[in-house]
Amino acid sequence: MSSHREAPEISQDPVADSTDTYAFVSPDKPDTVTIITNYIPLEDPPGGPNFFEFGDDVLYSIYIDNDADGQPEIEYRFRFRTKLRNPETFLYNTGPITSIHSKNWNRRQFYDVSRIHYGKHNGHRPKPKVLGRDLPCPPCNIGPRSTPNYASLAGAAIRKLGDGERVFAGQRNEGFYVDLGSIFDLADLRPFQNLHLIATQPTMAVDATATLNVHTIAIQVPIKRLTRDRSVPSDPMSHKAVLGIWGAASRRKTRLIDKASGKVAESGPWVQVSRLANPLFNEVIVPVGEKDSWNALPPSADKRFLKHVEHPELAKLLPVLYPGVFPHLAALKAKRTDLVAILLTGLPRGVVAGFQNHTGKTLADMLRLNVAIPPNTSNPSPLGLIGNDPAGFPNGRRVFDDVVTIELRAIAGATYPLVQPSYQPDPAASQVTQGITPGPDRYQPTFPYLGTPHDGYSTGVS
Amino acid sequence: MESVSRRKLLATAGAATGTAALAAAPAAAAGVLDRGEVTDPSGPLPDEAIVAVVRDPKRGEVTVMAGEREVTYRDPSLVKRLVKAAPKSKE
């Protein structure tokens, strides 16, 4: 969850495994959009001596569709390079790392950022424009002796690019919160576990990712650089205001391992091995036999997964696992056009007053962000649109949005009245909750918005 | 005269003229290939290897990858040589 180890193949390849994608109008810079793609699921902070890092052999991409065809008009590319100061030591650092250029830091990582504008499909390969070279990642947060002032190290890794973008790539606090152990124990939904087919006593929720880190690629882009006509839309009803956004990771097609040196040689085109937009789409909607192919496809091919959205497996399971709790859901046999709208087309105007994030008929799993909806800085709801906060999911996704609760409620039928007003959701559909309140250190109010990562020394020490 | 191994010839052909030339290796070269000798690798793998994948021997279909590109050919003679060169289970 939300896409951590969600498919058989990518679960074996953590550095290419996209875990979450976020896209929102920046609360402190509302003329920009911040896009975050996270990788390396379930990072345990003490994991040395080879601490976590991006894959030098992975192409990380952020895609933006601004003309509603499920195909990208803009791509930001990130390529990483690891440099070793001293190959004669086993240590990640040989003393305190007090600056991002510290000579005590042995294994460092740098990256290049480039941008590609895809024109109309005329057969030409567009040339990437390099926006930044050799940009430094911060080290992992090791502990008070090795990384004594981590916040300043991370701050030094935020870089401005020449075209108005800001970037950061490195370890951060895992922003996604979920009761993993509960939900994968035959869909144990708090507070209904005593009503489960295999009932247990109600217990407090467990925030399974509370002490974990993740590797973050974050970019903040002026809105006018992303919209189709380079405008800054102010009318939420304008189709120009809606951006489709997703992240992806690719590997070269072949990989050879040299027996003598252990080094790797690669060849062939880049092949997408992971993608992510709406949380839980591949994880919960797509059956296990199709998950690997989903990861390899572009969003514009998602029509083939339509039936799984129209008739999600979990919606059929809930009434079975919770006898008598979801009778209306059990009787609902019609296609779930509410879920199709939320996940594959966006919500058209007229469904929610004053809001739309519709991108037309192309069925594509993308985060759909209406950039004309201003950020909610006074009273944001982690339940987003179903919490009467249109600045949150499924209008893009903010770092603190409780996407598990939102999507569980939607699948349980809470959003079906949006398309069929006569449908009465089961009372339980709006009561399902994770019961988790993420701690205050998980996020920060400024770019890159995910909080300081846990340090390895303190993790697990109560 | 220095003997020409299959590996050296493939590498030379790929480096000098690209994968298309490799796939269209002239008959004279095929003769040399047929006489290729088994040898130990003379050095490590190059950072960017030229890789040929026989997709379907019966159709003579082979995909050659170099750099970030790949081309699939129908070239029964090249496929035949590659299949012949492929190690057998007893080797």
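Laboratory data are not the source of any read-out in this text; all were calculated from the coordinates shown. These numbers were taken from a predicted model, which means no experiment stands behind them. Glycine gets a Cβ as well: all are built from the backbone with ideal geometry, and neighbour counts include every protein chain shown.
Quick notes on this structure:
- Modelled FRET efficiency - R0 45 Å, A:A301 with A:V352, Cβ distances, 0.05 increments: 0.95
- Averaging 1/r over each pair of different alpha-carbon atoms in region A:193-270 and inverting the result gives 19.4 Å, the Kirkwood hydrodynamic radius.
- Flagged links, alpha-carbon separation over 20 Å, of A:K160/A:K224; A:K129/A:K263; A:K83/A:K160; A:K307/A:K333; A:K29/A:K160; A:K129/A:K361: A:K129/A:K263; A:K83/A:K160; A:K129/A:K361
- Dipole moment magnitude, nearest 20 debye, the protein assembly as shown about Cα centre, only Lys, Arg, Asp, Glu C-beta charged: 1700
- Each of A:M204, A:M366 was scored by other Cβ atoms within 10 Å of its Cβ. Listed from fewest to most, they are A:M204, A:M366.
- If R0 equals 56 Å, the separation of the Cβ atoms of A:T437 and A:D56 corresponds to a calculated FRET efficiency of about 0.90.
- Put the Cα centre of region A:318-356 next to the Cα centre of region A:100-117 and the gap is 44 Å.
- Peptide A:260-268 has a mean of 6 when you count, residue by residue, the C-beta atoms of other protein chains within 10 Å of its C-beta.
- Across region A:263-338, the fraction of Cα-Cα pairs farther apart than 14 Å, rounded to a whole number, is 68%.
- Selection from A:F281, A:S378, A:G262 lying farthest towards where the dipole of the protein assembly as shown points positive, charges on Cβ: A:G262
- Across q = 0.21 Å⁻¹, region A:69-123 modelled as identical point scatterers on its alpha-carbon atoms has Debye log10 I(q)/I(0) values of -0.81, in the order of the q list.
- Annotation for region A:291-309 versus region A:361-437: alpha-carbon center distance of 22 Å.
- Table column - 3J(HN,Hα) (Hz), region A:301-316, Karplus curve with 6.51, -1.76, 1.60, x for Gly and Pro: 9, 6, 4, 5, 9, 4, 4, 6, 7, 5, 9, x, 4, 5, 5, 7
- With neighbour counts taken as other beta-carbon atoms within 10 Å, the residues A:S146, A:S102, A:S261, A:S422 rank, fewest first, as A:S422, A:S261, A:S102, A:S146.
- Average Cα contact separation per residue, region A:353-441, under 8 Å, 6 or more apart, as relative contact order %: 18
- Evaluated at q = 0.19, 0.28 Å⁻¹, a Debye calculation over the C-alpha positions of region A:228-293 (equal weights, vacuum) places log10 I(q)/I(0) at -0.89, -1.14.
- Within chain A, longest stretch clear of exposed chymotrypsin sites (Phe, Trp or Tyr not before Pro) (DSSP loop, no more than 13 other Cβ within 10 Å): A:185-462
- Inter-probe distance in nm under a simple model that places probes 7 Å from Cα toward Cβ, at A:S114 and A:Q424: 6.0
- Near A:F393, the amide H atoms lying under 5 Å from its own belong to A:L385, A:R398; only residues 5 or more places off or on other chains count, and H is placed 1.01 Å from N.
- Region A:370-462 pair-distance distribution - Cα-Cα, 10 Å bins, rounded %: 14, 38, 29, 15, 4, 0
- For the protein assembly as shown, with +1 on Lys and Arg beta carbons and -1 on Asp and Glu, the positive-most of A:V221, B:T72, A:V432 along the dipole: B:T72
- Nearest-0.05 FRET efficiency for A:S238 and A:H311, computed from C-beta distance (R0 45 Å): 0.85
- Cβ crowding within 10 Å ranks A:H117, A:H328 as A:H117, A:H328, fewest other Cβ atoms first.
- Kirkwood radius for chain A, taken over all pairs of different Cα atoms as the inverse mean of 1/r, rounds to 22.8 Å.
- Cα point-scatterer Debye curve for region A:88-225, base-10 log of I(q)/I(0) at q = 0.12, 0.17, 0.22 Å⁻¹: -0.73, -0.95, -1.27
- In this Cβ point-charge picture (+1 for Lys and Arg, -1 for Asp and Glu), region A:295-408 has a dipole of about 420 debye about its Cα centre.
- Modelled spin labels at A:K103 and A:S261, positioned 7 Å past Cα toward Cβ, are 2.8 nm from each other.
- Loop-located trypsin sites (Lys or Arg not before Pro) across region A:113-211 with a Cβ neighbour count of 16 or fewer within 10 Å are A:K120, A:R145, with loop assigned by DSSP.
- The modelled label-to-label distance for the pair A:K333/A:S378, using points 7 Å beyond Cα in the direction of Cβ, is 4.9 nm.
- Using alpha carbons only, the radius of gyration of region A:1-135 set against its Kirkwood radius gives Rg/Rh = 1.02.
- Our note on the geometry: Cα centres of region A:13-60 and region A:251-289, 16 Å apart.
- Partners for B:K58 among lysines (Cα-Cα distance below 29 Å; same-chain residues under 8 apart left out): A:K253, B:K8, B:K80, B:K84, B:K88, B:K90
- With the charge dipole of region A:102-197 set up from +1 on Lys and Arg Cβ and -1 on Asp and Glu Cβ about the Cα centre, the Cα lying farthest toward the positive end among the listed residues A:Y150, A:H117, A:P191 is that of A:H117.
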